[in-house]
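Encoded as structure tokens, the structure appears first; notes follow it.
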Amino acid sequence: MDKLIIRGGNRLSGTIPISGAKNSALTLIPCALLTEEPLTLRNLPRLADIDGFQHLMNQFGVTTVIQGGRPEDFGRVMSLEAPRITSNVAPYDLVRRMRASILVLGPLLARTGEATVSMPGGCAIGNRPIDLHLKALEAFGAQIELTAGYVKAVAPGGSLPGGSYDFPVVSVGATENALMAAVLAAGTCRLSNAAREPEIVDLCNLLVAMGAEIEGIGSGDLTIHGVKRLHGATYRVMADRIEAGSYACAAAITGGEVLLEGARVEDMGATVDALTAIGVAVEAEKRGLRVAANGPLRATDLTTAPYPGLATDMQAQLMSLLTRARGTSVLTETIFENRYMHVPELARMGADIAVSGRTATVTGVERLTGAAVMATDLRASMSLIIAALAADGESEVRRIYHLDRGYERLEEKLQLVGADIQRVGDD
């Protein structure tokens, strides 16, 4: 198992290329199940989760081909083709490592009339039930059965008749699954209080490019008129707004200046607002976003919320940044109830953070010190990297397999802008 060795204190300066969005790619890949024709996805990040999802798609008889892209390049092109679905069962061994695997439920149900999917795994950051996924599908006419750790969904008559569902709380994954199930329905499906994240818009745009009929894209009210078939398409995955925000925090905590190449300010409103409140300058340019921290960091209060609010996936990174801000900041996590597991590790580096329930109070310190720390989940891993870049001395970040799930060749990108970071084997 590898670990990262980071010697802090270097000011980051230069250009970081932003990869395709992991959270979008993992939603776009299962769209290949909805058509007999080829689907080509460009700008796919090189990530463990993408490779895992590729293997899962092969389970259903989907052929996948990786095209182009030299080993030193970022991003890949993947072509997927499913002229015939050979299995509509997603087994436990393939699903347990990655929560996004549940997103095959909707398209398999739409294409074959039934689907059996193991209950998913993923990061241990709190209770993330799939009940809203199932209730939305039931509202569209699916019959759902839970047995032996599996979800079995059946569309009577082979296709969903349609219907309406009003989400009691916003759910990104459930919105995605419901959208993919609805596009081949026999009738019309309506979703109210649907998630509005840019990744949802990316999914809708791909589905429309494949021939789907969707009204209300970008809003919380979606109307999907089912069509008999979808065709193939070639589509570019959006830039990863969470990766961009993470590197913005890394640059800011070192007092640096970086160009986040490919990042889109229109996808990052709440993150940009948070950075600006902390005293970081963010400017949109033709090639991306320029981030600079030339003065002292300021304390601020932040609360996570569904889009267009502050993404929960940015909470840990911003917390690390605030450990060096002047004054006291209060962070409130409203999405997941167990997403402060990085706090004890940051404390090992000298951070002053007190947690009470879903609230964390961060008092800025003059300096952080290098330490051996252990990653607990994907975004927590990045928060430790950010802190280590500003810490005095050397830090060791262990269990970095989490990072490989969500950040494409992280150490190489940070080396591009002057970070002293290397991956070594962990004895």
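The values are calculated or read from the model by the stated rules, or taken from the named source; none is laboratory data. Because the structure is a prediction, the values reported are computed rather than measured. Neighbour counts are summed over all protein chains in view; Cβ atoms, including those assigned to glycine, are modelled from backbone coordinates with ideal geometry.
Taking residues in the stretch 332-360 that are within 15 Å of Gln317 (Cβ to Cβ) and among the small types (Gly, Ala, Ser), and partners anywhere that are surrounded by 19 or more Cβ atoms within 10 Å (Cβ to Cβ) and at pLDDT 95 or above, the pairs with Cβ atoms closer than 6 Å and at least 6 places apart or on different chains are Ala351/Thr323; Ala360/Leu331; Ala360/Ile353. A single member of Ile400, Ile385, Ile353, Ile335 is among the β-branched types (Val, Ile, Thr) and closer than 25 Å to Glu257 by Cβ, and it is Ile385.
Selection within the stretch 263-305: residues that are farther than 24 Å from Ile353 by Cβ and charged (D, E, K, R). The member of this set that is nearest to the chain's Cα centre (by Cα) is Asp267. Only one of the listed residues (Val183, Val89, Val170, Val154) is in the same structural domain as Pro30 (by TED's automatic domain parsing) and closer than 19 Å to His55 by Cα. That residue is Val89.
Checking the conditions here, which among Ala178, Ala186 is touching a Leu at 6+ places or on another chain (Cβ under 9 Å), assigned to a helix (DSSP H, G or I) and either of a type outside the set (Val, Ile, Thr) or under 17 Å from Gly106 (Cβ atoms) (or both)? Residue meeting the stated conditions: Ala178.
Listed by position, the strands (runs of 3 or more DSSP E) enclosed by the stretch 189-240 that each have at least 1 residues that are within 18 Å of the chain's Cα centre (by Cα) and closer than 21 Å to Ser79 by Cβ are 233-236. All of (1) under 27 Å from Val417 (Cβ atoms); (2) hydroxyl-bearing (Ser, Thr, Tyr); (3) surrounded by 21 or more Cβ atoms within 10 Å (Cβ to Cβ) hold for Thr35 with one exception: (1). The residue that is farthest from Arg264 (Cα to Cα), counting only those in the stretch 185-194 that are among the aliphatic types (A, V, I, L, M) and buried (at least 24 other Cβ atoms within 10 Å of the Cβ), is Leu191. Among what's in the stretch 291-313 and is aliphatic (A, V, I, L, M) and not in a loop (DSSP other than H, G, I, E, B), pick the residue that is surrounded by the fewest Cβ atoms within 10 Å (Cβ to Cβ). This residue is Ala292.
Among the residues of the stretch 14-30, not a single one is farther than 20 Å from Ile400 by Cβ and of a type in the set (Lys, Arg). The set of residues from the stretch 314-330 being under 26 Å from the mean Cα position of the chain (by Cα) and surrounded by fewer than 24 Cβ atoms within 10 Å (Cβ to Cβ) comprises just one member, Val330.
On the basis of being closer than 24 Å to Gly232 by Cβ, at pLDDT 95 or above and more than 19 Å from the chain's Cα centre (by Cα), does Met180 make the cut? Spelling it out, it is not the case that Met180 is closer than 24 Å to Gly232 by Cβ, at pLDDT 95 or above and more than 19 Å from the chain's Cα centre (by Cα). So, in the stretch 360-382, of the ones that are farther than 30 Å from Met98 by Cβ and under 27 Å from the mean Cα position of the chain (by Cα), which residue ends up surrounded by the fewest Cβ atoms within 10 Å (Cβ to Cβ)? Of everything passing the filter in the stretch 360-382, Thr361 is surrounded by the fewest Cβ atoms within 10 Å (Cβ to Cβ). With respect to the conditions (1) touching an Asp or Glu at 6+ places or on another chain (Cβ under 9 Å); (2) among the acidic types (Asp, Glu); (3) within 30 Å of Thr369 (Cβ to Cβ), Glu257 lacks only one, and its number is (1).
Given the criteria hydroxyl-bearing (Ser, Thr, Tyr) and either crowded, with 19+ Cβ neighbours inside 10 Å or in a strand (DSSP E or B) (or both), does Thr86 qualify? Judged against the criteria, Thr86 is not a match.
Kindly indicate the residue of the stretch 148-175 that is part of a loop (DSSP other than H, G, I, E, B), of a type in the set (A, V, I, L, M) and surrounded by 16 or more Cβ atoms within 10 Å (Cβ to Cβ) and also modelled with the lowest pLDDT among those meeting that condition. The residue in question is Val170. I'd like to know if the stretch 64-75 contains one or more residues that are surrounded by fewer than 23 Cβ atoms within 10 Å (Cβ to Cβ), within 25 Å of Thr376 (Cβ to Cβ), at pLDDT below 95 and of a type in the set (A, V, I, L, M, F, W, C). No; the residues of the stretch 64-75 include none that is surrounded by fewer than 23 Cβ atoms within 10 Å (Cβ to Cβ), within 25 Å of Thr376 (Cβ to Cβ), at pLDDT below 95 and of a type in the set (A, V, I, L, M, F, W, C). Just checking: which of the strands (runs of 3 or more DSSP E) contained wholly in the stretch 1-62 hold 3 or more residues that are closer than 21 Å to Ala82 by Cβ? Result: 39-44. May I ask you to verify whether Ser79 is part of a loop (DSSP other than H, G, I, E, B) and either over 21 Å from the mean Cα position of the chain (by Cα) or acidic (Asp, Glu) (or both)? The answer is no for Ser79.
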